[in-house]
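Working notes, structure below.
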Amino acid sequence: MARIIGGIGTSHVPAIGAAIAKGLQQDPYWKPFFDGFIPVREWLDRQKPDVVVVLYNDHGLNFFLDKLPTFAVGAASHYNNADEGWGLPVTRPFPGDPKMSWSLIESLVADEFDITMCQELQVDHAVSNPMALLWGAERPVKIVPVAINTVQYPLPSPARCYKLGQAIGRAIRAYPTDAKVLVLGTGGLSHQLDGERAGFINKPFDLMCLDRLVSDPEALTRYSVLELVELAGTQGVELMMWIAMRGALGGKVKQVHRNYHIPISNTAAGLLLMECEDAVVPARQLVDA
Ligand code: DHB
Ligand code: FE
């Protein structure tokens, strides 16, 4: 069966794409942010996942207010990147894994998640920037994108997103190949782009969330969406991508790496890498089993 080797949560701020295009990784503003990814890239070099299930929120590129699924799963052979208005360079398409997508879709629907299935899906900075941060231009992985609505009221609750993640975890673990799967949640942490509280950041809340994501994710599922808006800012609800990602990892996890840096654009930029317990079982035990 496919194996979840771990989960990564990362911010996806559009300015990251512009900084990469301009080669600003060593610039004093950007260095503390980009340096955070060095241990994660080393871990990816060792672990070599085959597929990345990317939990992200579309920002008005593929879905708009007229038609906005709560949860949508990509089932395409490739996903084109496009820029919904930030002036970012468009990257080449991301290869998909339609077989795994359809298996995930079947399993989610059987599990009572009535998702929208997308045989065509354009992906925005919430997919392209994290992929560039983790792999650069190489990206030797296929992706299965899963979009969660953070745009049009009413949003799914953190508890529902966590349950979606758990269902995704069950689906991956029942997928009959030996694929190594990474679950990626993008967005957050606290930020608000507009309105009276534009620029709002809540460091104590973010740090508490990073702790809880590792040790007690269910504590985060007790917040309502409106409480998250109050505590993390309107766009801080993107934390729900991280909560869903954590749901997929299952019971116990081991934190491998964490970085937190303020600000990147208007955002408190977070990075968290966790390994699933089964991924840290020594190889000999696996052979014996
Ligand atoms: C910013 C952050 C986001 O999550 C986003 O989608 C767009 C902009 C920002 O901080 O600039
Ligand atoms: Fe965003």
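Going by amide H atoms built from the backbone, whose H comes under 5 Å of the H on S11, apart from near neighbours?
Long-range HN contacts for S11: G187, G270.
Compute a Gaussian network model of the chain, connecting alpha carbons closer than 10 Å, and tell me which residue from V237, V225, V90 fluctuates the most.
V90
Relative contact order of the stretch 68-148: what whole-number percent is it, with Cα pairs under 8 angstrom and at least 6 residues apart? The partial results should precede the final answer.
Details: 121 pairs, mean separation 37.8, N = 81.
With pairs under 8 Å counted, the relative contact order is 47 percent.
At 4 °C and a viscosity of 1.567 mPa s, what translational diffusion coefficient does Stokes-Einstein give for the stretch 46-199, taking Rh as the Kirkwood radius over Cα pairs? Give it in µm²/s as a whole number. Write down the numbers at each step before the final one.
Working: Rh = 16.1 Å.
Diffusion coefficient, whole number: 80 µm²/s.
With charges set only on the Cβ (+1 for Lys and Arg, -1 for Asp and Glu), what does the dipole of the stretch 14-130 come to about its Cα centre, in debye to the nearest 20? Write down the numbers at each step before the final one.
Working: 8 positive and 16 negative charges, 103 e Å.
Dipole size: approximately 500 debye.
Mind scanning K67/K252; K99/K163; K48/K203; K67/K163; K163/K254 and naming the pairs with a C-alpha gap bigger than 31 Å?
Over 31 Å Cα-Cα: K67/K252; K48/K203.
So how long is each side of the chain along the principal axes, counting just the alpha-carbon atoms, biggest first, in Å?
Result for the chain: principal-axis Cα extents of 57, 41, 39 Å.
Given the C-alpha atoms of the stretch 1-47, compute the convex hull and give its volume per residue in Å³.
102 Å³
Counting only DSSP beta bridges with both residues in the chain, tell me the antiparallel percent, nearest 5. Before the final figure, lay out the partial values.
On the way: 21 of 44 bridges.
Looking only at bridges with both residues in the chain, the antiparallel portion is about 50 percent.
Quote the charge dipole size of the stretch 1-73 about the Cα centre in Debye, to the nearest 20; the model charges only the Cβ of Lys and Arg (+1) and of Asp and Glu (-1).
So the dipole magnitude of the stretch 1-73 works out to roughly 120 debye.
Can you find, among P69, I20, N266, the residue farthest towards the positive end of the dipole of the chain? Put +1 on the C-beta of Lys and Arg, -1 on that of Asp and Glu.
I20
Mind jotting down the three principal axis lengths of the stretch 67-152 based on Cα atoms? Whole angstrom, largest first.
38, 31, 19
Of all the C-alpha pairs in the stretch 101-147, what % are more than 17 Å from each other? Don't jump to the answer; show the numbers that get you there.
On the way: 492 of 1081 pairs.
That fraction is 46 percent.
Dividing the Cα radius of gyration by the Kirkwood radius, what Rg/Rh value follows for the stretch 160-235?
1.07
Express in whole angstrom the spacing between the alpha-carbon centres of the stretch 129-173 and the stretch 10-63.
First find each Cα centre; the distance between them is then 15 Å.
Roughly how compact is the stretch 149-289, stated as its Cα Rg over 2.2 N^0.38 Å to two decimals? Let's see the in-between values first.
Working: Rg = 16.3 Å, N = 141, 2.2 N^0.38 = 14.4 Å.
In units of the 2.2 N^0.38 Å rule of thumb, it is 1.13.
How high is the relative contact order of the chain, in percent, with contacts defined as C-alpha pairs under 8 Å that are six or more residues apart?
RCO, the chain: 31 percent.
All of the numbers you see were taken from the coordinates with simple rules; none came from a lab. All values reported here derive from a predicted model rather than from experimental measurement. Using ideal geometry, Cβ is built from the backbone for each residue, glycine included, and neighbour counts are taken over all protein chains shown.
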